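The values are calculated or read from the model by the stated rules, or taken from the named source; none is laboratory data. Please read these numbers as outputs of a predicted model, since none were measured by experiment. For neighbour counting, all protein chains shown are included, and Cβ atoms are generated from backbone atoms with ideal geometry for every residue, glycine included.
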Amino acid sequence: MSTVVRHELLGCDGFRLESSKGLVGWVEETWLGPGDDPAAFAIRTTDGREALLLAEDVARVSAESELVQMRAGARLLELDVPRLQTSPSNGPTASWRTTGNVLEPPDPPGVATRALLAIRPWRLTPPHGPEAERPFWLTVLALYAVLALIVLLLIGLDFLAAGLAV
């Protein structure tokens, strides 16, 4: 990979990552290697998984459209949980490692999902686990929707009864 391409890898945080099949996810962070050269990207996939894309697996970068294109045959490596270590001499040190597993890129999102993700990419969430609980605001929203539906049905029944009585 040439020096020019490595220089283009700086400042790609938040860019879309696409493969030949379509949208894969977003660049969360640029990881630097020896000499502070960009060596890899931490990726959040559209299905919420964390992955690592090595710099040599980048085909092109378009700063104008905020797009990073994966080369054909590129691998996404699964990232393990971030770790924090403390030492009395250096203070806290954070590290993030790959598990060594290769992740298959997620299926490209459909038209509606892609439009939503383009508007609000921060809606990407981790995969739902069995312990996942519905957010409180969603419960309140569902309650208001059901209440509005009941009110509308009652009003409709009133108009129907009045129309039949005439």
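Condition test on Val68, is it touching a strand residue (DSSP E or B) at 6+ places or on another chain (Cβ under 6 Å) and under 17 Å from Pro106 (Cα atoms)?
Yes; evaluated as a whole, the condition is true for this residue.
Regarding the stretch 91-100, can at least one residue be identified that is of a type in the set (D, E, K, R), out of contact with any Lys or Arg (no Cβ under 8 Å at 6 or more places or on another chain), surrounded by 10 or more Cβ atoms within 10 Å (Cβ to Cβ) and on the phi < 0 side of the Ramachandran plot? Even if it seems obvious, please write down each step before you answer.
Narrowing the stretch 91-100 to residues of a type in the set (D, E, K, R): 97.
Applying the additional criterion that residues be out of contact with any Lys or Arg (no Cβ under 8 Å at 6 or more places or on another chain) yields none.
Looking through the stretch 91-100, none of the residues is of a type in the set (D, E, K, R), out of contact with any Lys or Arg (no Cβ under 8 Å at 6 or more places or on another chain), surrounded by 10 or more Cβ atoms within 10 Å (Cβ to Cβ) and on the phi < 0 side of the Ramachandran plot.
Which residue pairs have Cβ atoms closer than 9 Å, lie 6 or more positions apart in sequence or on different chains, and pair a first residue in the stretch 100-129 that is in the same structural domain as Ser20 (by TED's automatic domain parsing) and among the aliphatic types (A, V, I, L, M) with a second residue that is at pLDDT below 65 and outside any strand (DSSP E or B)?
Listed pairs, sorted by first residue: Leu116/Arg123; Leu117/Arg123; Leu117/Leu124.
Do we have Gly14 as within 17 Å of the chain's Cα centre (by Cα) and surrounded by fewer than 19 Cβ atoms within 10 Å (Cβ to Cβ) here?
For Gly14, the condition - within 17 Å of the chain's Cα centre (by Cα) and surrounded by fewer than 19 Cβ atoms within 10 Å (Cβ to Cβ) - is met.
Given (1) in a loop (DSSP other than H, G, I, E, B); (2) small (Gly, Ala, Ser); (3) within 30 Å of Ala112 (Cβ to Cβ), identify the lone condition not met by Ala59.
So the condition that Ala59 fails would be (1).
Out of (1) at pLDDT 85 or above; (2) over 18 Å from Ser20 (Cβ atoms); (3) in contact with a Pro (Cβ under 8 Å, 6 or more places away or on another chain), the odd one out for Leu76 is which?
(2)
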